[in-house]
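Enquirer: Below are the C-alpha cells for one structure; questions will follow.
The values are calculated or read from the model by the stated rules, or taken from the named source; none is laboratory data. Keep in mind that this is a model prediction, so the values were computed, not measured. Every residue, glycine as well, gets a Cβ built from its backbone with ideal geometry; the counts of neighbours run over all protein chains shown.
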Amino acid sequence: MSTATNEGRNGMLGGAPGGGARDGGTTPDSALLPSVEPVQLVDPDGHHHTDERYPLPDGDRLLDAYGRLIAGRRINDQANALVRQGRMAVYPSSHGQEACQVAAAVVLGAEDWLFPTYRDTVAVITRGVDPLQVLTLLRGDWHGGYDPHEHRVATQATPLATQLLHAVGVAHAAKLRGESTVVLAMCGDGATSEGDFHEALNFAAVFHVPVVFFVQNNEFAISVPLRSQSVAPSLAHKAIGYGMPGERVDGNDLAALLAVLGSAVDRARDGGGPTLVEAHTYRMQAHTNADDATRYRSADDVERWVPKDPITRLRTYLRALDLLTVELERALADEADAIAAAIRKGLNTEVTVNPAELFEYVYTEKTTQLREQAEQLREELARDAAGTGTPTSDTKADRP
Amino acid sequence: MSTATNEGRNGMLGGAPGGGARDGGTTPDSALLPSVEPVQLVDPDGHHHTDERYPLPDGDRLLDAYGRLIAGRRINDQANALVRQGRMAVYPSSHGQEACQVAAAVVLGAEDWLFPTYRDTVAVITRGVDPLQVLTLLRGDWHGGYDPHEHRVATQATPLATQLLHAVGVAHAAKLRGESTVVLAMCGDGATSEGDFHEALNFAAVFHVPVVFFVQNNEFAISVPLRSQSVAPSLAHKAIGYGMPGERVDGNDLAALLAVLGSAVDRARDGGGPTLVEAHTYRMQAHTNADDATRYRSADDVERWVPKDPITRLRTYLRALDLLTVELERALADEADAIAAAIRKGLNTEVTVNPAELFEYVYTEKTTQLREQAEQLREELARDAAGTGTPTSDTKADRP
Amino acid sequence: MTQTTEAPTGGVADRTGAVPGKRVTSTFARALNAALADSMAADASVLMFGEDVGPLGGVFRITDGLTARFGEERCFDTPLAEAGIMGMAIGMAMNGMKPVVEMQFDAFAYPAFEQVVSHVAKMPNRTKGRVRLPLVIRIPYAGGIGGVEHHCDSSEAYYAHTPGLTVLAPATVRDAYFMLREAIASPDPVVFLEPKKLYWSKEEVDLAELRRTFEAGQAPRRIGKAVVARPGTDATLISYGPSVPTALAAAAAAAEEGRSIEVIDLRSIVPFDDETVCASVRRTGRAVVVAEAPGFVSVASEIVARVQERCFHSLAAPVLRVTGFDIPYPSPKLEHFYLPSVDRILDAVDDLQWED
Amino acid sequence: MTQTTEAPTGGVADRTGAVPGKRVTSTFARALNAALADSMAADASVLMFGEDVGPLGGVFRITDGLTARFGEERCFDTPLAEAGIMGMAIGMAMNGMKPVVEMQFDAFAYPAFEQVVSHVAKMPNRTKGRVRLPLVIRIPYAGGIGGVEHHCDSSEAYYAHTPGLTVLAPATVRDAYFMLREAIASPDPVVFLEPKKLYWSKEEVDLAELRRTFEAGQAPRRIGKAVVARPGTDATLISYGPSVPTALAAAAAAAEEGRSIEVIDLRSIVPFDDETVCASVRRTGRAVVVAEAPGFVSVASEIVARVQERCFHSLAAPVLRVTGFDIPYPSPKLEHFYLPSVDRILDAVDDLQWED
Ligand SMILES: Cc1ncc(C[n+]2csc(CCOP(=O)(O)OP(=O)(O)O)c2C)c(N)n1
Ligand SMILES: Cc1ncc(C[n+]2csc(CCOP(=O)(O)OP(=O)(O)O)c2C)c(N)n1
Ligand SMILES: [Mg+2]
Ligand SMILES: [Mg+2]
C-alpha cells in the first residue's frame, strides 16, 4: 500500500491549501499506482507468501474470520435454497466471494459505516444485522428491513454506484464533527463504469474523507465480462486519476483482504484519506436465480475458479498450523447450520404485510393527499372484508 | 506521447477480444501516464526546446497558425466589446487560451469532427464556421446558429461534459462504417469532474474509437480553482484508469499543441484509439462578462500569466527566425481587423426573429398539439398587429 | 417473477388492415424481438446496444439472437453506464445511424436523464432540424411483476412532459410489433415504453405477416393515433400500456352488470390523439382515466385536464382517475394494493353520478 | 440579463402575523441569503454547498458572505458534479447534517436526477422512516431573464410527480424568507424552486423582524398552504412562483375592465392545498391556471384535473390553462412569445364563457 499522505483539499482542515492537480505534491505519482500483481498472502494451496507491506493477520483473527467465512457460505446456500422453494423472490448470491464479504465487515469498528450492494447480504449479516431483517427486501415485504443506524449499515443499494456518494457524505459529516468514523463502500466491477463512481472517488479525494472504496471485481456485470467494461490495466489504476492510492488484492484470500482493507481503514482513520481497493474474485453462480449464465460463459470458465475457493485455502493453511482442529471445524459448521436454520424458520413463517403502512413513511407527516388515499384504500379493504358491494354514488354534489 | 497500442475491445473489429482490465496487455502501465512536465516546444521567451517525441512543426505551419492566433485574439476582443455595447447577451472569452483554440481546429482534416464548448467560439470560427452564425447563440436569436454537418462542428455544448459522449458516438459510427474520421472533443478542467467525462473516456477506450479528448485546464471553473476540482497529480493522469494514454502540454505553446494534438489525431486515425490531452493554460478574463472574478482571485494571479501569453512567444520565435516580417505582421493584423469588422457589422444589424419558428423544429412534423399552439400564437400576433381587442367567447359550446 | 396477464378481449378491432392469413401465437416479447430483427434486416443503419443486450439477449430476452444474426457490431453490450449509452446513441444518430438503446429497467434510465432532456429532446430544435436524432430508447417499464425496488417505476410522466420526445406505450402484441417498427423508422427520438407485465402476454398473430404488412406500407400509422379497444356507449375508460388489459377486464365486468363501457388504448402518449379521445367522451359523456403511475402531475392528470377543457359541456360528471397512489412503488407483497384494479375502476365508474 | 418584475399589488395580505415594525426594502435574493444565514446561525448542522457558492457567493449571490461568516467547513464549493453534490448531501443528511445544496441552474440539476428520484425521494420510505433526509435542494429556476439555453427550464413537474419530495416555489420576498427557513427546518427533503426572474424583485420588509417572527414560532406554516394573493369574486387565477406577479398584474388589469379576479399563490406545489384552491373556485365558479412550464403533463394539468374532480358542479366553464407552449424554452429574443403574459391570461379569462 502506498504511504502517500496527499492532504487533499486542506482548506477543509484549516491548513494551507495543498494538493491540487497542478501542485503535484511531494509523493511520486507511482506511489498511487497499485502493485503489479494482486496482493496475496495465502495462495490457493494454502501456503503463506510474505509481503513486506502486509504482515499476515494473527491466528486468532484468521480463525475468527474463517468461522464467519463458513457461515457466509452457508447463508448463501440457504438463501439459494429458499429461492428455489419460492420463499424469496430472488437472491444475488456472493458464492465464491465470501472472503470479500467477511473482510468488508470485520475490518470495521462499531463507529464505522458499511455501504453494501444487493450482492453483499453476507457482509451485512457478518456485521451483525439480523438475517431475517436483511432478507425482508428479497422476500418482498418492504424495500429495506433493518435500521441502518443500528449497526451503521446502509440499505443494500440497487442503483449502481449511487451509494458510493452517500458513503462520502457520511464520512464527510463525521469528519466535520471530528469523529473517527471510517466508511467502507462496496461496489462491483460493472458499477465502476457509472458516472457516480467517478464523482464519488473524486469527492472523497478532494474532501480528503475517510472512505475505503472496495470493488469486488467478480469479472461479470450480469452477462457482461470485464473486458467489455474496462480496458484499463486494472480497475485499481483508476485511483491515481483522483489522487488517491489504489491497491489490488486476491479477493479469494481472506488473509490478504484483511491486511489490505485493514491497512486502508487504518490509513483513513489516521487522516490519510480515501483508498481504492480492487479485489480479484469471481461470481461462481449466475447473477441471480433469474439469470441463465450458460448463455454467456462456459462451465469451464467457472471450473477454473473452483481451486481458488476462499474457504479451501484458508482451511488448509489453518489446519497446517494446527489452529483449526476437527472439533473446531465441527463446531463452526454447527454454528453456521444454526444460522441457516434460523433463516429457514424465519422465512418459512408467513408475515402479514400492512397496507396502511404504504402511506406512513413517504413524508414525516402524511400530506392531505396521502390521508385521502390511505382512507380510500382503508375503505376498499373494509368493504372487501365485509363482503359488501361497492356503494354507488349518484348525487350531483361535488366530492369534498 | 505514449506509443501504446492497446487494442481496446477488439471484438468490435472482428479480432480476438483483447485488452480488458485483467488481461493487462503488453504495454507497461507507465506508458499510459503523461510526461512529468507538460510538453513544451517554444518557451515563454520564444526559445525552442527539443523534445525527442515531438518534432517542431515546420515554419509554414507555424506561420499559418500564428495568423489564426492573431485573428482569434481579435475575435475575443471584438466579442467582448459587443457585449459591453449590448449587442450580445454574454460572451465566455477564451482570451489567453487562443493557442488551444487554434490548435484544436487546425489539427483536424475536413472529414473530422470538432466538439466544442461555449468557450470555444474561436476554435469553431477557426474551423471555418461563419462567425455570425456562431454568435447567433450568444446574441440570443436561437440556441444554435450553424449547421453542424456543414463543417462537422457540433453545436457548442453548455451542459458540461455531455458532448464528450456525443463525440464518442460520432466516432463509433464512423468506425463502424470504416471511415477514417477522427473526433476532437473539448472540455474544461471543471467538466472533468462530471460523470459524463468518465463515461465518455471509458466508452471511447472500450470501443477503441478515434477520439482525442482535449481538456483545456485554465485553472478555474467559474470561481472554483483547480485544487477544489481535483487532487490528482494531473488531469492527464486520469487516462490510465481507462487504459488510454494521457499527455500534458503547455497550453500557451501553439507549437507544442500542434505537435501533441497532431500526434494524438494521427494515432487515432491509425486505429490506435483515444487519447486524453490536458493543456495547461489560464483563463485571463472573468468566466463571462457577467462574472466578477475579483471575488475569487487576485490581479496578481492573473498578472503571473501575462508573460506566458501564447502570442508573444510565437511572435518572438517566428521573428527570430525571420519567418515573420513586419509586413506580414501588418497583413495578418489587417486580416484580423477585417474579420472583426464583419462581426461588428453583422452584430449591429438588427435581425428579425420569427415566432412561428418556435414550433417548427420540435418534431419533424408538427403534432396536433403544436399546430394548435402555433395557431394560437399566430392569432394573438395577428390581433396585436391589427390592434383589435381580444375576441370574447361566451358560448357554452366546447372548443373543437 | 412470472406473470400472466389478461389477453385483450374480443372487442379489440383488427388494427392493421392486413389480410387475415395463417395465424400463430406470439408473445409481446417475441413481437418486439421480431420488430428489432426485421428493422435491422431492412436497414443497415439500425443498431441495438445497452446492458446485457448482446449474448444474453437482454434480461427480458427482447434482443435474443440479434448479436448472433447481425454480428456484434450491430447488437452489442456497452459498459455499465446509462448516460454513456444515451450520449453515445446521440452521437451515432448525428452520424447516420439509427440506434435503438435499451435501458434495463425504468429507474435505471434516470442516470441518462440529462442526456435525454437536454440533448435528445432538444438537439433537433437547437439546430433548426439540421440535426435530427432518429433514435429509440426502449424502456421495460412499470410494475405488476413482483419486482424489487427500482424495477417497477412508471416513468412516462417525466418523458411526456419533455417537449421533443415522442412517447409510446403499446398494449397488444400487434401494436408492440408495429409501433416498435414505426418508432425505429421515425426521424424523431422516441421513448418506447414496454410494459413489463405484458411481455408474456400472447396473441394469435403471424409475425411474418406483420412484417409483410409493415414493409408494404399497409400498417396504419400508430404514432399519434389512439384506438378504441372496446366500443361502448355509457362511459369511456382512457388508458395505455400496462393498464389497458385491466381497463378491458373492467369493461367486461361492467358489461355483466349491464353497463356498456368504451375502452380507449392511447398507444401514443405524445403526440396525443385528442380527436379519438374527445369523440368518445362526447358520445358517452363520462370518463375515467386509468394509469399505473402515481396520479399527481401525471399523464392521467393531463388527460383529465384536456378532456374537461375540450368536452366540458358533454360531461355528465367530472372525469375521474384511477391511478397509482402518490407513493414510491411498493414491494412485491404490497403491489396489488397499489395497482389499478378492476374493482377500483368499477368503483370509479360507479362514481360517475349515474341518475337512472 | 437584467430584469425587473411587477411587485405584488396592494391586494397581497400580510401573511406572517408579525407585528408590523420598521420596514426597509429587501430583494428576494437578499431574503434568501438572510434565511440561509439565519438558519446556519441557529443550527450548527446546517451546511451549504454546491458550485461557486463559496467565495463567489453563488452566481446569483444567494450565498454571499456565508463562507466568510461561517467558515469553509459550513459553506463550500464542491467539484463540478451535480450527482456528486446530491449524493454527498444524502450521506451527510444520513449522518446528522442538514445540507442545503444549490443546483446552479434548473437544467443543471438533471445530472442529479437519479439521486433525487431513487434516493432523496425514496430513502425515508425504504427505511420506514429510520433514515430521514432533512435536506434542501435549492434550484434557481424558470425563465424571463433573457438566459441562454439550459438556464431557463421550468422543471417543477419532474419533482412534483415524484412521491416523497416536498416542492416549494415562493413568489414574494417574505415567502422567500419564511419558506426557505421552513424548508431547512423540515425533516423531509425539499425541492426549493427560486424563480430567477424574481431575485431582484423588492418588498418593504425588515429581515431582522422576519427572523424574530420565525424564531418565535410566529410565522404560520407555509408548506402545504396556499394563500389568496388577491381576493376577488368572478374567477380564480391559480398560480405559483414566477407566474404569480403576472397573474396579479392580469387581475389588476381585469379590475379596470370591471372583473373581480381572485389570485391564488400556491407557494407549496407538494403538498397541495386543495382546501384553499377549491374554496376559491367554488366561490367564483371559474378558474384559470397560470404556469410557465410547458403545459403537457404539468403541474398546471394536475391543478386543472383536481379542480374539476372536486368542484365540477360549481364550475360555470371548463378550467383553462395559460402555460408555456410544448416546446423547448426559447432563446432570449423569443422568450416573450412563450411566457404567460397578462394578455394571454386575460384572453383565457374572457374564454370562461361569461353570459352577461
Ligand atoms: C443504474 C443501474 N443500472 C443498471 C442496473 C441493473 N443491474 C443490476 S446488477 C447489474 C450488474 C452489476 O454488475 P457489478 O457492478 O459487477 O456487480 P455484481 O452484480 O457483479 O456484484 C446491473 C446491470 C442497476 N441496478 N442500476
Ligand atoms: C452540468 C452543468 N453544470 C453546471 C453548469 C454551469 N457552468 C457553466 S460553465 C461552468 C464552469 C465550467 O468550468 P470548466 O469546465 O473548467 O470550463 P471553463 O469555463 O473554464 O472553460 C459551470 C459550473 C453547466 N453548464 N453544466
Ligand atoms: Mg461484477
Ligand atoms: Mg476551466
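Enquirer: Quick one: C:ILE269 ticks every box in (1) buried (at least 23 other Cβ atoms within 10 Å of the Cβ); (2) more than 14 Å from chain B (Cβ to nearest Cβ) bar one, so which box is it?
Expert: Going through (1) buried (at least 23 other Cβ atoms within 10 Å of the Cβ); (2) more than 14 Å from chain B (Cβ to nearest Cβ) one by one, C:ILE269 breaks only (2).
Enquirer: Taking the conditions exactly as written (surrounded by fewer than 21 Cβ atoms within 10 Å (Cβ to Cβ), within 16 Å of ligand 2 (Cβ to nearest atom), away from every other protein chain (no Cβ under 14 Å) and within 24 Å of the chain's Cα centre (by Cα)), does B:ASN80 satisfy them or not?
Expert: yes
Enquirer: Pull up region B:203-249, narrow it to residues that are among the hydrophobic types (A, V, I, L, M, F, W, C) and under 20 Å from B:LEU41 (Cα atoms), then point me to the one that is nearest to ligand 4 (Cβ to nearest atom).
Expert: Per the stated criteria, the residue is B:VAL215.
Enquirer: Please state which one of D:LYS197, D:LYS202 is within 15 Å of the chain's Cα centre (by Cα) and over 29 Å from D:GLY285 (Cβ atoms).
Expert: Just one listed residue meets the conditions, D:LYS197.
Enquirer: Being within 14 Å of chain C (Cβ to nearest Cβ) and in a helix (DSSP H, G or I) is the filter here; which residues of region A:278-312 pass it?
Expert: Across region A:278-312, the qualifying residues are A:ALA293, A:THR294, A:ARG295, A:ASP301.
Enquirer: Moving on. I'd like to verify a number: residues in region A:134-165 that are away from ligand 1 (no atom under 16 Å from the Cβ) and part of a strand (DSSP E or B), how many?
Expert: 1
Enquirer: Given the structure, is A:SER263 within 12 Å of ligand 1 (Cβ to nearest atom), away from chain B (no Cβ under 13 Å) and farther than 21 Å from A:HIS198 by Cα? Outline the logic, then answer.
Expert: Values: within 12 Å of ligand 1 (Cβ to nearest atom): no; away from chain B (no Cβ under 13 Å): yes; farther than 21 Å from A:HIS198 by Cα: yes.
No; evaluated as a whole, the condition is false for this residue.
Enquirer: Yes or no: region C:105-113 includes at least one residue that is of a type in the set (Ser, Thr, Tyr) and without any contact (Cβ under 8 Å) to a residue 12 or more places away in the chain.
Expert: No; the residues of region C:105-113 include none that is of a type in the set (Ser, Thr, Tyr) and without any contact (Cβ under 8 Å) to a residue 12 or more places away in the chain.
Enquirer: Taking the condition of being at the interface with chain A (Cβ under 7 Å from one of its Cβ atoms) and either part of a helix (DSSP H, G or I) or within 23 Å of B:TYR66 (Cβ to Cβ) (or both), how many residues in region B:214-258 meet it?
Expert: Qualifying residue count for the region: 9.
Enquirer: Residue under question is D:LEU56, and the condition is that it be in contact with a Ser or Thr (Cβ under 6 Å, 6 or more places away or on another chain) and over 26 Å from A:GLN163 (Cβ atoms); does it hold?
Expert: When the stated conditions are applied, D:LEU56 passes them.
Enquirer: Is at least one residue of region A:203-218 near ligand 1 (Cβ under 7 Å from one of its atoms) and of a type outside the set (D, E, K, R)?
Expert: Yes.
Enquirer: Output the residue which, of all residues in region B:353-394 that are more than 7 Å from every other protein chain (Cβ to nearest Cβ) and more than 45 Å from the chain's Cα centre (by Cα), is modelled with the lowest pLDDT.
Expert: B:PRO391
Enquirer: Also, I was wondering about something else. Quick check: is even one residue across region A:155-171 over 25 Å from C:PRO328 (Cα atoms), more than 16 Å from ligand 2 (Cβ to nearest atom) and in contact with a strand residue (DSSP E or B) (Cβ under 7 Å, 6 or more places away or on another chain)? Spell out how you get there, then give the answer.
Expert: The initial filter retains those residues of region A:155-171 that are over 25 Å from C:PRO328 (Cα atoms), namely A:168, A:171.
Okay, now just the ones that are also more than 16 Å from ligand 2 (Cβ to nearest atom), so A:168, A:171.
Still in the running and in contact with a strand residue (DSSP E or B) (Cβ under 7 Å, 6 or more places away or on another chain): A:168, A:171.
Checked region A:155-171: at least one residue is over 25 Å from C:PRO328 (Cα atoms), more than 16 Å from ligand 2 (Cβ to nearest atom) and in contact with a strand residue (DSSP E or B) (Cβ under 7 Å, 6 or more places away or on another chain).
Listed here are the residues, each with its yes/no results for (1) within 16 Å of ligand 4 (Cβ to nearest atom); (2) assigned to a loop (DSSP other than H, G, I, E, B); (3) within 21 Å of A:TYR282 (Cα to Cα).
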{"residue": "A:ILE75", "(1), (2), (3)": "no, no, yes"}
{"residue": "A:ALA79", "(1), (2), (3)": "no, no, yes"}
{"residue": "A:TYR91", "(1), (2), (3)": "no, yes, yes"}
{"residue": "A:ALA99", "(1), (2), (3)": "no, no, yes"}
{"residue": "A:ALA104", "(1), (2), (3)": "no, no, yes"}
{"residue": "A:GLY109", "(1), (2), (3)": "no, yes, no"}
{"residue": "A:ARG119", "(1), (2), (3)": "no, yes, yes"}
{"residue": "A:LEU132", "(1), (2), (3)": "no, no, no"}
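Enquirer: So for region D:327-339 (the condition being touching a residue at least 60 places away in the same chain (Cβ under 8 Å) and more than 10 Å from chain B (Cβ to nearest Cβ)), does at least one residue qualify?
Expert: Yes, region D:327-339 contains a residue that is touching a residue at least 60 places away in the same chain (Cβ under 8 Å) and more than 10 Å from chain B (Cβ to nearest Cβ).
Enquirer: For A:LEU235, all conditions in the list (1) without any contact (Cβ under 8 Å) to a residue 60 or more places away in the chain; (2) more than 11 Å from ligand 1 (Cβ to nearest atom) hold save one; what is the number of the exception?
Expert: Condition not satisfied by A:LEU235: (2).
Enquirer: Looking at (1) at the interface with chain B (Cβ under 10 Å from one of its Cβ atoms); (2) touching a Leu at 6+ places or on another chain (Cβ under 9 Å); (3) assigned to a helix (DSSP H, G or I), which one does A:HIS208 not meet, given that it meets all the others?
Expert: (3)
Enquirer: In region A:329-352, what residues are surrounded by 15 or more Cβ atoms within 10 Å (Cβ to Cβ) and more than 24 Å from the chain's Cα centre (by Cα)?
Expert: A:GLU329 - this is the single residue of region A:329-352 that is surrounded by 15 or more Cβ atoms within 10 Å (Cβ to Cβ) and more than 24 Å from the chain's Cα centre (by Cα).
Enquirer: Follow-up question, since we're still on this one. For B:VAL206, all conditions in the list (1) more than 24 Å from B:GLN101 (Cα to Cα); (2) within 10 Å of ligand 2 (Cβ to nearest atom); (3) out of contact with any Asp or Glu (no Cβ under 9 Å at 6 or more places or on another chain) hold save one; what is the number of the exception?
Expert: Tallying (1) more than 24 Å from B:GLN101 (Cα to Cα); (2) within 10 Å of ligand 2 (Cβ to nearest atom); (3) out of contact with any Asp or Glu (no Cβ under 9 Å at 6 or more places or on another chain), B:VAL206 fails exactly one: (2).
Enquirer: Does A:THR281 fit the bill of being over 24 Å from A:ASP77 (Cα atoms) and surrounded by 24 or more Cβ atoms within 10 Å (Cβ to Cβ)? Let's see the steps before the verdict.
Expert: On the way: over 24 Å from A:ASP77 (Cα atoms): no; surrounded by 24 or more Cβ atoms within 10 Å (Cβ to Cβ): yes.
No; evaluated as a whole, the condition is false for this residue.
Enquirer: Additional query: Hey, C:ARG306 hits all of (1) basic (Lys, Arg); (2) crowded, with 22+ Cβ neighbours inside 10 Å; (3) more than 26 Å from D:PRO163 (Cβ to Cβ) but one; which does it fall short on?
Expert: Among (1) basic (Lys, Arg); (2) crowded, with 22+ Cβ neighbours inside 10 Å; (3) more than 26 Å from D:PRO163 (Cβ to Cβ), C:ARG306 violates only (3).
Enquirer: Additional query: Take residues that are within 16 Å of ligand 2 (Cβ to nearest atom) and either under 27 Å from A:PHE220 (Cβ atoms) or of a type outside the set (Ser, Thr, Tyr) (or both) and tell me which of the helices (runs of 4 or more DSSP H) falling wholly in region C:26-100 contain 3 or more.
Expert: Because the criterion is at least 3 residues that are within 16 Å of ligand 2 (Cβ to nearest atom) and either under 27 Å from A:PHE220 (Cβ atoms) or of a type outside the set (Ser, Thr, Tyr) (or both), the helices (runs of 4 or more DSSP H) in region C:26-100 that meet it are C:82-94.
Enquirer: Kindly list the number of the only condition in (1) surrounded by fewer than 24 Cβ atoms within 10 Å (Cβ to Cβ); (2) out of contact with any Gly (no Cβ under 9 Å at 6 or more places or on another chain); (3) touching a residue at least 24 places away in the same chain (Cβ under 8 Å) that fails for C:GLY129.
Expert: For C:GLY129, the failing item is (3).
Enquirer: Next up: Residues A:ARG330, A:ARG315, A:ARG319: which one is basic (Lys, Arg), in a helix (DSSP H, G or I) and touching a helix residue (DSSP H, G or I) at 6+ places or on another chain (Cβ under 8 Å)?
Expert: The match here is A:ARG315.
Conditions tested, residue by residue: (1) β-branched (Val, Ile, Thr); (2) more than 22 Å from A:GLU194 (Cβ to Cβ); (3) within 7 Å of chain A (Cβ to nearest Cβ); (4) without any contact (Cβ under 8 Å) to a residue 12 or more places away in the chain.
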{"residue": "D:GLU82", "(1), (2), (3), (4)": "no, no, no, no"}
{"residue": "D:ILE85", "(1), (2), (3), (4)": "yes, no, no, no"}
{"residue": "D:VAL100", "(1), (2), (3), (4)": "yes, yes, no, no"}
{"residue": "D:LYS122", "(1), (2), (3), (4)": "no, no, no, no"}
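Enquirer: Checking D:ALA112 against (1) within 16 Å of ligand 1 (Cβ to nearest atom); (2) facing chain A (nearest Cβ under 8 Å); (3) out of contact with any Pro (no Cβ under 9 Å at 6 or more places or on another chain), which test does it fail?
Expert: (2)
Enquirer: Moving on to the next point. Run C:GLY71 past the list (1) more than 9 Å from chain B (Cβ to nearest Cβ); (2) without any contact (Cβ under 8 Å) to a residue 40 or more places away in the chain and report the number of the one that doesn't hold.
Expert: Among (1) more than 9 Å from chain B (Cβ to nearest Cβ); (2) without any contact (Cβ under 8 Å) to a residue 40 or more places away in the chain, the lone unmet condition for C:GLY71 is (1).
Enquirer: Also: Within region A:174-195, can one find any residue that is within 16 Å of ligand 2 (Cβ to nearest atom) and either buried (at least 23 other Cβ atoms within 10 Å of the Cβ) or more than 14 Å from chain B (Cβ to nearest Cβ) (or both)?
Expert: Within region A:174-195, one or more residues are within 16 Å of ligand 2 (Cβ to nearest atom) and either buried (at least 23 other Cβ atoms within 10 Å of the Cβ) or more than 14 Å from chain B (Cβ to nearest Cβ) (or both).
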